[in-house]
Amino acid sequence: MSQATTAPPSRAAYLRSVLAAIGGGLLKAFNANKTSWIGLGVFLLVVLLALFAPVIAPHDPLQQNILFRLKPPSAEHWFGTDYYGRDTLSRILWGARISLTIGLLAIGSAMVIGTLIGMVAGYYGGRTDIIVMQVMDVLLAFPSLILGLIVVAMLGPSVANLVIAIALTAVPPFARIARAPTIAVKNREFIEAGRALGYSDMRLMFGHILPNIAPEILVMGSLWLATAIRVEASLAFIGLGVSPPTATWGGMIREGFENILDSFWLALFPSIAILVVVFALNLLGDGLRDAIDPRLRGEA
C-alpha cells in the first residue's frame, strides 16, 4: 500500500514564510503602540536627510571662508559657521551620513553575530553554552566606550575600525538577549513536533525559533543603535573618530567646545542632532518593548 507524500517547499518559499512571520509580528507590535511609529518616523526622516544631503545641503561642507568664520545663525547660514567659515548646517547633514552609517553597520553586524551566538548557545546548551557565555561575560565586563576606545586606539581611527569597535561592544548583549528566549522556545511543543518530523537543527533555529525571538532582538537593536551613535560621537569627541576635515557630529562638538564661550551654536546644533536621533530610537525601542511584552499589555 503506497503512501502519498507531499513535496517539501522550495527554499525561496520557505524563506518568504519566515520573513512573513517576522514581518507580521513586527507590524502587530507597531500597531499595538503608536509611540513606535513616532520614533520610526523621526528616525526615517533623519535617514532621508542624510541620504539627500548632497541635494539638501546649502553649501559645500568642506568649503572654507575665513571671512565668514564664527558667524552666528543668519539667513545665509541657518546654523552659523565654524572656525574655518564652513556652514554648520551642511556639515550636520553630511555628518549624519557618517554617524548613521557607522551605527547601522556596527549594530547590524552585532545583531547578526550576537543573535547567532546566542541561539547556538541556548539551543545546544551544556558545555557549549557555558564556554560561549563566559566569553560574552568577559566582553561585558568592559564598558562600551572603554572597549571601543581600546579597539580604535589599537587599530587606528577609520570608518571600518569604528564599525568593528562598536560591533564588538554590542555582540554580548545581543547574544544574551537571544539565548534566554531560545532556551524557553526550544522546549515548546511545536519544536518537539519538528524534531519528530526530522527537521534539521538549522531549520528549527532559523525557521521556528528565530521568528519568535526576532521582536526582542529588534527592540534591543533600536536601543543599541542609539548607543552606537553616542559611542561614535564620544570617540570622535576625544579625537578617535573619522579624521578631519570629514564632518562628524562628535568631531563638530569637539571643535565647537573650543569656542563654546564665543560661538555656542557650534556645539549646540550637532548636540541637538544626536539628541533627536537618540530620542527617536528610544521611543521606537520602548514602544516595541511595550507592545511585545505581555506583562506590560496586561495579558499575564
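Observations on the model:
- Pairs with Cβ under 9 Å, 6+ apart, first in the stretch 63-92 and within 17 Å of P245 (Cβ to Cβ), second open to solvent by 90 Å² or more (accessible area, probe 1.4 Å) and modelled with pLDDT of 85 or more: D87/W78; T88/W78; L89/W78
- The test for being within 26 Å of H59 (Cα to Cα) and open to solvent by less than 20 Å² (accessible area, probe 1.4 Å) does not hold for M205.
- Qualifying positions in the stretch 213-225 - crowded, with 23+ Cβ neighbours inside 10 Å and either modelled with pLDDT under 80 or closer than 16 Å to L100 by Cα (or both): G221, S222, W224, L225
- All of T115, T101 fail the test of being β-branched (V, I, T), under 19 Å from F237 (Cβ atoms) and surrounded by 14 or more Cβ atoms within 10 Å (Cβ to Cβ), apart from T101.
- Qualifying residue in the stretch 34-49 (condition: among the polar types (S, T, N, Q) and modelled with pLDDT of 65 or more): yes
- Candidates W78, W94: the one that is surrounded by fewer than 23 Cβ atoms within 10 Å (Cβ to Cβ), touching a helix residue (DSSP H, G or I) at 6+ places or on another chain (Cβ under 7 Å), under 18 Å from W249 (Cα atoms) and modelled with pLDDT under 90 is W78.
- Scanning the stretch 44-75 for residues that are in a loop (DSSP other than H, G, I, E, B), surrounded by 14 or more Cβ atoms within 10 Å (Cβ to Cβ) and at negative phi yields A57, H59, P61, L62, Q64, R69, K71, P73.
- Reported count of residues in the stretch 268-289, each being crowded, with 23+ Cβ neighbours inside 10 Å and not aliphatic (A, V, I, L, M), is 2.
- Of all residues making up the stretch 118-139, the number that are open to solvent by 40 Å² or more (accessible area, probe 1.4 Å) and touching a Lys or Arg at 6+ places or on another chain (Cβ under 8 Å): 0
- Residue list for the stretch 240-259, filter: surrounded by fewer than 19 Cβ atoms within 10 Å (Cβ to Cβ) and touching a residue at least 40 places away in the same chain (Cβ under 8 Å): S243, P245, T246, E258, N259
- Residue within the stretch 80-91 that is among the aromatic types (F, W, Y), more than 28 Å from the chain's Cα centre (by Cα) and in a helix (DSSP H, G or I) present: no
- Taken together, the residues in the stretch 153-176 that are surrounded by fewer than 20 Cβ atoms within 10 Å (Cβ to Cβ) and touching a Gly at 6+ places or on another chain (Cβ under 7 Å) amount to 2.
- Here L268 meets the list (1) in a helix (DSSP H, G or I); (2) in contact (Cβ under 8 Å) with a residue 40 or more places away in the chain; (3) aliphatic (A, V, I, L, M) almost entirely, failing just condition (2).
The values are calculated or read from the model by the stated rules, or taken from the named source; none is laboratory data. Keep in mind that what you see is a predicted model, and the values were worked out from it rather than measured. Backbone-built Cβ (ideal geometry, glycine too); neighbour counts: all protein chains shown. Just so you know, the surface numbers come from the protein's heavy atoms only, side chains and all, with ligands and any DNA or RNA stripped out. Shrake-Rupley method; radii C 1.70, N 1.55, O 1.52, S 1.80 Å.
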